[in-house]
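Colleague: Once you've had a glance at the structure underneath, I'll fire off some questions.
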Amino acid sequence: MKLASYLEEKKKIIDQYLENKLPSEKENPSLIHRSIRYSVLNGGKRLRPILTIMTAELLGNSYEQVLPTAAGIELIHTFSLIHDDLPCMDNDDYRRGKLTNHKVFGEAIAVLTGDALLVMGLDFICQNVKVEGVTKDSVLLAIENVLAMLGTKQMLGGQVDDINWHEEKENPDYIKDIYLKKTSALICASLQAGALLSHANQKQILALKNYGENIGLAFQITDDLIDLQQDKKDDDKPTYPTILGIKEAQEEVKRCCQQAKEYMMIFGDKTQLFYELADFIPNREK
Ligand code: GRG
């Protein structure tokens, strides 16, 4: 199947699942449920949950077996976006083409909405044990790995370094490390969750981690390039292309995508979608 139709089909499944499983706006406390639905059901690409499903399918599993975990990871991703947009962090007014959560609901509710989504996301993953054929051990391993990828050595730590960027202004290795933590870590967790729930072996899990790190880097540097083209940067925060130049940043994206594909070779001829995704990243527009 071609990547575009695969992404569209799986996005629909994830959107429908989230729509059904999130508390309705009528449920009390209504304000927080309205805020949760505002930020989750608003046109995200659903890249991370799709990666969980893609990995499960790569390993001969069905999407139904990993759907609660995939959706849980999307909730956790949305939590990180809401907190990242707060005035005390990146102070952004728009996300996914709409006003950011705090612009609509105020800062206090935005913080609580993020908190609620983190808790709910982990609960969704726990609920995966109720799916027939899924073992408790595999769910526990997936949760353990997601938590490791969110902690102080990964996403949270990356955010701390990102906030303190003034200390290491023009160091590309510092920026690369932030990207690995802020962006690649949850992408790796998404791929590995699909693998752990499908009883992958260590070699396969490592290959997926390497693939995830590389597409995460390529994804983030491409984001920088898009921002630069659209003149979107509103502070002096250095990025890959602003330090190394557009050409070198584009070369780095290409290198990462090539590396990513090479890591997937151990899966033989079943990796078409993973290759197509790596090839798509440098050309993406959002
Ligand atoms: C992990 C405990 C804990 C705290 C969070 C706020 C924070 C600490 C981290 C911020 C992480 C962050 C927002 C990274 C940016 C990742 C990124 C590339 C987001 C954009 O992803 P897309 O393009 O977005 O997939 P859509 O809107 O399509 O979902």
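The values are calculated or read from the model by the stated rules, or taken from the named source; none is laboratory data. Since the model is a prediction, treat every value here as computed from it, not as a measurement. Note that we place each Cβ from the backbone using ideal geometry, even for glycine, and neighbour counts take in every protein chain shown. What goes into the accessible areas is simple: the full protein's heavy atoms, side chains included, and nothing from ligands, DNA or RNA. Shrake-Rupley method; radii C 1.70, N 1.55, O 1.52, S 1.80 Å.
Colleague: Just to be sure before I move on: is LYS254 among the basic types (Lys, Arg) and within 13 Å of the ligand (Cβ to nearest atom) in the structure I sent?
Modeller: no
Colleague: Checking GLY158 against (1) part of a helix (DSSP H, G or I); (2) near the ligand (Cβ under 10 Å from one of its atoms); (3) in contact with a helix residue (DSSP H, G or I) (Cβ under 8 Å, 6 or more places away or on another chain); (4) open to solvent by 30 Å² or more (accessible area, probe 1.4 Å), only one condition comes out false. Which one?
Modeller: Status for GLY158: all satisfied but (4).
Colleague: Quick test for you: out of LYS21, LYS10, LYS2, pick the one residue that is surrounded by 17 or more Cβ atoms within 10 Å (Cβ to Cβ) and of a type in the set (D, E, K, R).
Modeller: None of the others qualify; the one that does is LYS10.
Colleague: Among the residues of the range 144-153, what is the count of those that are touching a Leu at 6+ places or on another chain (Cβ under 8 Å) and near the ligand (Cβ under 8 Å from one of its atoms)?
Modeller: So the answer is 1.
Colleague: With SER184, SER198 as the choices, which residue is polar (S, T, N, Q), away from the ligand (no atom under 16 Å from the Cβ) and in contact with a Leu (Cβ under 9 Å, 6 or more places away or on another chain)?
Modeller: Exactly one residue qualifies, and that residue is SER198.
Colleague: Contact list please: Cβ distance under 8 Å, first residue in the range 43-67 and in contact (Cβ under 8 Å) with a residue 60 or more places away in the chain, second residue basic (Lys, Arg) and more than 16 Å from the ligand (Cβ to nearest atom), pairs at least six apart or on different chains.
Modeller: Filtered contacts from the range 43-67: LEU58/LYS270.
Colleague: For LYS232, are the conditions met, namely being under 22 Å from ASP92 (Cβ atoms), open to solvent by 60 Å² or more (accessible area, probe 1.4 Å), within 16 Å of the ligand (Cβ to nearest atom) and not in a helix (DSSP H, G or I)?
Modeller: Answer is yes for this residue.
Colleague: Among the residues of the range 41-87, write down those that are open to solvent by 20 Å² or more (accessible area, probe 1.4 Å), more than 10 Å from the ligand (Cβ to nearest atom) and not in a helix (DSSP H, G or I).
Modeller: LEU41, LEU59, GLY60, ASN61, SER62, PRO87
Colleague: Can you tell me which residue within the range 24-33, out of those that are without any contact (Cβ under 8 Å) to a residue 24 or more places away in the chain and in a helix (DSSP H, G or I), is least open to solvent (accessible area, probe 1.4 Å)?
Modeller: HIS33
Colleague: Moving on. Identify, from the list VAL104, VAL139, VAL146, VAL134, the residue that is at pLDDT 95 or above and surrounded by fewer than 17 Cβ atoms within 10 Å (Cβ to Cβ).
Modeller: Exactly one residue qualifies, and that residue is VAL104.
Colleague: Would you be able to tell me the number of residues in the range 1-40 that are of a type in the set (S, T, N, Q) and within 16 Å of the ligand (Cβ to nearest atom)?
Modeller: So the count comes out to 1.
Colleague: Yes or no: ASN91 open to solvent by 20 Å² or more (accessible area, probe 1.4 Å), of a type in the set (S, T, N, Q) and in a helix (DSSP H, G or I)?
Modeller: no
Colleague: While we're on this one: Suppose we filter ALA200, ALA218 for residues that are assigned to a helix (DSSP H, G or I) and either at pLDDT below 95 or surrounded by 15 or more Cβ atoms within 10 Å (Cβ to Cβ) (or both); which single one remains?
Modeller: Answer to the selection: ALA218.
Colleague: Right, LEU112: more than 13 Å from the ligand (Cβ to nearest atom) and open to solvent by 10 Å² or more (accessible area, probe 1.4 Å) or not?
Modeller: yes
Colleague: In the list GLN259, GLN250, which residue meets the criterion of being part of a helix (DSSP H, G or I) and in contact with a Pro (Cβ under 8 Å, 6 or more places away or on another chain)?
Modeller: GLN250
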